[in-house]
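A short worksheet on the structure shown next.
The values are calculated or read from the model by the stated rules, or taken from the named source; none is laboratory data. It should be emphasised that the depicted structure is a prediction, and the values quoted were computed from it without experimental measurement. When we count neighbours, we look across all protein chains shown, and the Cβ atoms used for this are built from the backbone with ideal geometry, even at glycine.
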Amino acid sequence: MAPDARVAVYYAPRGGDVLFADAAAWLGRDPATGAIVQQPDIAGIAEATAEPRLYGFHATLKPPMRLADGCGWKDLAAAAATLADRIGPFDLPALSVQDVFGFLALRESEPSALLQALADACVEHLDAFRAPPSETELSRRRRAGLTPLQDEMLVRWGYPYVFDTWFFHLTLTRRLSAVEKQVFMPVAETYFARAIGTRRRVSDICLFVQPAPGAPFVIRERFPLRG
C-alpha cells in the first residue's frame, strides 16, 4: 500500500444480498468492483449521494486510517482474519431509513449488543496498525464541535465516534436541507422497502481500501466470522 493510502474495517452486505445491489444502484457505484452503476431516475440523486458514493455502501466498524510505520497489508489482513475467527455470525436487526443528524441512513430498528461488541473489537484489536492522525486531521475533526468525550476518543483512537460514541449506520445521502429531506425520505423508504424487509446475518467483516487521497474506497478482502 502507498504511504497515503487508507484502509477501513466496514460491514457491507454480501454480493448476493438484494441490499448490496439496491444500495450500489442508489449510490451509483459498486464497492466491490468500483464500477459505476446507473442510479434510479430520481431528481438530484447524483449530487445528494456524491459523498457516500466515495466511501461505498457500508457501516463503519473501524474508521479509515493510514497504516503505521512498519505495518503492511499482510500484517493487517492477518490480524483481521484472527479477529474474525474469534467472533461468531449473528442476526442484524431489521433496518429502517432514518434521519441521522441531517443525512439519511439505514439504521437498526433496535439496539444490538452484538453489533456494538463487533465494532468495539475492531477498533481496539486493530489499533496497533493505525498511524496517528496529523494535527491537520485533528483540527478538521474538531471543527464539527465535538463533545469532551468525542474529543477524548479522537485523541486516543483517531476518530470521535467509537465505543460509547459509536452508532451503526449505512449512509445514503449527504446532509440534506429540510426541504430535501421531505423529498428524499419517502423516496428512500419506498426504494429500500424490499431490501430492508429481509432479515440478514452479519457473517463477515470487510477491509476497504482507498488507494490515494480522494480516490473511491473499494472492498479489498472479506473475512468470515467463524467464532
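When restricted to residues that are surrounded by 18 or more Cβ atoms within 10 Å (Cβ to Cβ) and assigned to a helix (DSSP H, G or I), the range 153-168 contains 3.
Here ALA5 passes the criteria (1) touching a Gly at 6+ places or on another chain (Cβ under 9 Å); (2) aliphatic (A, V, I, L, M); (3) within 30 Å of LYS74 (Cβ to Cβ) except the one numbered (1).
Report, by residue number, each residue of the range 78-94 that is in contact with a strand residue (DSSP E or B) (Cβ under 6 Å, 6 or more places away or on another chain), crowded, with 16+ Cβ neighbours inside 10 Å and not in a loop (DSSP other than H, G, I, E, B). Of everything in the range 78-94, those that are in contact with a strand residue (DSSP E or B) (Cβ under 6 Å, 6 or more places away or on another chain), crowded, with 16+ Cβ neighbours inside 10 Å and not in a loop (DSSP other than H, G, I, E, B) turn out to be ALA80, ALA84, PHE90, LEU92. With respect to the conditions (1) of a type in the set (Val, Ile, Thr); (2) surrounded by fewer than 18 Cβ atoms within 10 Å (Cβ to Cβ); (3) outside any loop (DSSP other than H, G, I, E, B); (4) touching a residue at least 40 places away in the same chain (Cβ under 8 Å), THR171 lacks only one, and its number is (2).
Return a yes/no flag: does the range 26-37 have any residue that is touching a Phe, Trp or Tyr at 6+ places or on another chain (Cβ under 7 Å), over 30 Å from SER134 (Cβ atoms) and at pLDDT 95 or above. Break it down into steps so the answer makes sense when it comes.
Filtering the range 26-37 down to residues touching a Phe, Trp or Tyr at 6+ places or on another chain (Cβ under 7 Å) leaves 26-27, 31.
From what's left, over 30 Å from SER134 (Cβ atoms): 26.
This time we only want the ones that are at pLDDT 95 or above, so: 26.
Yes, the range 26-37 contains at least one residue that is touching a Phe, Trp or Tyr at 6+ places or on another chain (Cβ under 7 Å), over 30 Å from SER134 (Cβ atoms) and at pLDDT 95 or above.
Of the residues making up the range 36-56, just one is within 19 Å of PHE184 (Cβ to Cβ) and touching a Pro at 6+ places or on another chain (Cβ under 6 Å), namely LEU54. Quick one: in the range 194-224, which of the residues that are in a strand (DSSP E or B) and among the charged types (D, E, K, R) is farthest from LEU61 (Cα to Cα)? My answer is ARG200.
Among the conditions (1) modelled with pLDDT of 95 or more; (2) surrounded by 11 or more Cβ atoms within 10 Å (Cβ to Cβ); (3) within 20 Å of THR60 (Cα to Cα); (4) of a type outside the set (Ser, Thr, Tyr), the only one that GLU189 does not satisfy is (3).
In the range 143-152 there is no residue that is over 21 Å from ARG6 (Cβ atoms) and in a strand (DSSP E or B). Within the option set PHE20, PHE57, being part of a helix (DSSP H, G or I), in contact (Cβ under 8 Å) with a residue 24 or more places away in the chain and touching a Phe, Trp or Tyr at 6+ places or on another chain (Cβ under 8 Å) holds for one residue only, PHE20.
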